[in-house]
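Worksheet: the structure to be examined is printed underneath.
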Amino acid sequence: MPKSGLNNPQPPEGGVKEEIEMENQQEKQEFNITVYTENQIGLLNRIAIIFTRRKINIDSLNTSPSEIERIHRFNIVITESEDVVRKLCRQIEKQVEVLKVYYHTNEDVIWQELALYKVSTDVIAEKVSVERLLRENGARAVVIRKDYTVFETTGHREETDNLISILQPYGLIEFVRSARVAIIKDSDGFNRKLREFERLEPGEDVIENEYLNKGDKVFSM
């Protein structure tokens, strides 16, 4: 089930040192943090500072448009304890432009990463069966030139890493991997919740200002 940074109970009170010790004793694992935000300049930097102050490394960061018009979605991957992740989500939700934050384990999301591999066309054609290579690793050739070939594959980190080890003996020239993109498994989506909120609490109708276009008369001395 989705876990919200605000809806979870507050951690027990205590000194900062005691909290850090408790957090360090908890088992760490990968968490996917999903952040729905307005698209504002400087917000990414402010969110990154929240992690920097806690000396937490971000393993993956992806920003993209969401299913809601003019609303962006951040997907942040970190390796930490659940208590630490819960506190981070509460801090992120305090940002004015942030609408909602969720966190999930890898088992709660469907996720993929994209990877590109550049190898010498002559070497790869001479020493390995390209057709077998593509078939066994779920890859496809996206660019074939006289001097190099670029393969593309998508999958989990272990899958994209596996193709690195296969191509390395054949002179892997270049490799790059995208940030993770993830979809929450058991969720109706933030879009539905937002629409329901707007239905229950509609905004006030705009009332036309009777003094509009009469500024000279209203503010004359």
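Derivation of every value follows stated rules applied to the coordinates shown; laboratory data play no part. Here the structure is a predicted model, which means the values were calculated and not measured. Backbone-built Cβ (ideal geometry, glycine too); neighbour counts: all protein chains shown.
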Q: Just the number, please: Stokes-Einstein D of the range 92-194 in µm²/s, Kirkwood Rh from C-alpha pairs, 37 °C, 0.692 mPa s.
A: 204
Q | Cross-link pairs LYS28/LYS87; LYS94/LYS185; LYS28/LYS94; LYS55/LYS185 - those with Cα-Cα distance over 19 Å | A | LYS94/LYS185; LYS28/LYS94; LYS55/LYS185
Q) Across the Cα atoms of the range 29-131, what radius of gyration and what greatest pairwise Cα-Cα distance (Dmax) are found, in Å? A) 18.0, 58
Q. Along the principal axes of its C-alpha atoms, what lengths does the range 106-166 span, in descending order and rounded to whole Å?
A. 43, 17, 16
**Q.** Two-site FRET efficiency, GLU136 against ARG177, from Cβ-Cβ distance with R₀ of 25 Å, rounded to 0.05
**A.** 0.85
(Q) Once you keep just the Cα pairs under 8 angstrom separated by 6 or more residues, what percentage relative contact order results for the range 102-190? (A) 46
Q. Taking the highest mean first, how do the peptides 95-102, 46-53 order by number of other beta carbon atoms within 10 angstrom per residue?
A. 95-102, 46-53
